[in-house]
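Trainee: Right, I'll just put the structure down here and ask away after.
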Amino acid sequence: MEPAKINYKIYQGSTFEETLRWESETKQYMPISGITLAAPCVITTSGTHSVPINWRVRVTGVNGMKDINTIADDAYYLVTSKTSNSVTLNQVNSAGYGAYTSGGILSWNTPIPLTGYTALMQIRETLESTEIIAELSTANNRIVIDPVNFTISIKLPSTITGTFNFDAAVYSMELTDNQNNVIPFLSGSISLVKEVTR
């Protein structure tokens, strides 16, 4: 697996937090049975779905309320709350759309199950540097893996970022699954914005 590339900006002396979600390439599909004319928009599905909260979804094939359809391949909505057979899209105001008449599919990428996973992330000034600027892991609680909500959360407290004095750095994160397979998950660069109020 090739790691995802994400570049971060960290503000010196401020808490840095990031929540990551790992999608598989496998799609899940659920027929839509209704969509509200409301803000926020609520989509009702014809059966029980398994979309996690804050997960990306696509909506296609809806009749009547055609404005809700995600046309572009990279167009997604974010599920902000849910019940067993509905999802709420807080960023969508469908009150001015045409009324839903029929059809439609809600689709999403299946989450990777994270039970038993651990994580290790290191920040260094350059790839060749022997000095570790900061180490984050599930062991030191700077990375928290939540297998229920399928999230990987990073947190660097202000007491750590306040000690940073680099202009730019690099990082990578590796995950280890419950079979002890090491997976290169994430890498990129970090730019530091120096603190004025200190």
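The values are calculated or read from the model by the stated rules, or taken from the named source; none is laboratory data. Just so you know, these numbers come straight off a predicted model, no measurement behind them. Using ideal geometry, Cβ is built from the backbone for each residue, glycine included, and neighbour counts are taken over all protein chains shown. Just so you know, the surface numbers come from the protein's heavy atoms only, side chains and all, with ligands and any DNA or RNA stripped out. Shrake-Rupley method; radii C 1.70, N 1.55, O 1.52, S 1.80 Å.
Trainee: How many residues does region 5-22 contain that are part of a strand (DSSP E or B), open to solvent by less than 50 Å² (accessible area, probe 1.4 Å) and within 30 Å of Gly104 (Cβ to Cβ)?
Mentor: Taking region 5-22 first, the residues part of a strand (DSSP E or B) are 5, 8-11, 16-21.
If we keep only those that are open to solvent by less than 50 Å² (accessible area, probe 1.4 Å) as well, we get 8, 10, 16, 20.
Those still in the list that are within 30 Å of Gly104 (Cβ to Cβ) too: 20.
Count: 1.
Trainee: For Arg58, are the conditions met, namely being open to solvent by less than 50 Å² (accessible area, probe 1.4 Å), of a type in the set (Lys, Arg) and modelled with pLDDT of 95 or more?
Mentor: So Arg58 fits the description; yes.
Trainee: Shifting gears a bit: Does Val87 meet the test of being free of Cβ contacts under 8 Å to residues at least 60 places away in the same chain and in a strand (DSSP E or B)?
Mentor: Numbers: free of Cβ contacts under 8 Å to residues at least 60 places away in the same chain: yes; in a strand (DSSP E or B): yes.
Spelling it out, Val87 is indeed free of Cβ contacts under 8 Å to residues at least 60 places away in the same chain and in a strand (DSSP E or B).
Trainee: In addition: Touching a residue at least 40 places away in the same chain (Cβ under 8 Å), closer than 26 Å to Ile68 by Cβ and loosely packed, with under 13 Cβ neighbours inside 10 Å: does that describe Lys27?
Mentor: When the stated conditions are applied, Lys27 passes them.
Trainee: Moving on to the next point. Scan region 161-192 for residues that are aliphatic (A, V, I, L, M) and either surrounded by fewer than 13 Cβ atoms within 10 Å (Cβ to Cβ) or over 24 Å from the mean Cα position of the chain (by Cα) (or both) and jot them down.
Mentor: Ala168, Val182
Trainee: While we're here: Among the residues of region 96-107 satisfying the criterion of being of a type outside the set (Val, Ile, Thr) and open to solvent by 60 Å² or more (accessible area, probe 1.4 Å), which is modelled with the lowest pLDDT?
Mentor: Only one residue fits best here, namely Gly96.
Trainee: Let me spell it out: the conditions are (1) closer than 30 Å to Asn141 by Cα; (2) open to solvent by 20 Å² or more (accessible area, probe 1.4 Å); (3) not hydroxyl-bearing (Ser, Thr, Tyr), and Pro40 meets all of them except one. Which number is the exception?
Mentor: (1)
Trainee: Pick from region 122-135 the residues that are surrounded by 10 or more Cβ atoms within 10 Å (Cβ to Cβ) and either in contact with a Leu (Cβ under 7 Å, 6 or more places away or on another chain) or among the acidic types (Asp, Glu) (or both): which of them is nearest to Val170 (Cα to Cα)?
Mentor: Glu125
Trainee: With respect to the numbered conditions (1) part of a strand (DSSP E or B); (2) out of contact with any helix residue (DSSP H, G or I) (no Cβ under 6 Å at 6 or more places or on another chain), which one is the sole condition not fulfilled by Val62?
Mentor: (2)
Trainee: Output the qualifying pairs, or none if there are none: Cβ atoms under 7 angstrom, residues six or more apart or on different chains, first residue in region 168-188 and at positive phi, second residue not β-branched (Val, Ile, Thr).
Mentor: Hits for this filter: Gly188/Lys5; Gly188/Asn7; Gly188/Tyr8; Gly188/Tyr171.
Trainee: Taking region 108-121 as the search range and keeping residues that are open to solvent by 30 Å² or more (accessible area, probe 1.4 Å) and of a type in the set (A, V, I, L, M, F, W, C), which one is farthest from Ile10 (Cα to Cα)?
Mentor: Ranking the candidates gives Ile112 first.
Trainee: For region 62-73, name all the residues that are open to solvent by 50 Å² or more (accessible area, probe 1.4 Å) and over 22 Å from the mean Cα position of the chain (by Cα).
Mentor: Scanning region 62-73 gives Asn63, Lys66, Asp67.
Trainee: To continue, here is another question. Given Gly116, Gly96, which one is within 29 Å of Ser187 (Cβ to Cβ), assigned to a loop (DSSP other than H, G, I, E, B), more than 18 Å from the chain's Cα centre (by Cα) and of a type outside the set (Ser, Thr, Tyr)? Talk me through it step by step, then tell me what you get.
Mentor: On the way: Gly96 fails: within 29 Å of Ser187 (Cβ to Cβ).
Going through Gly116, Gly96 in turn, the sole match is Gly116.
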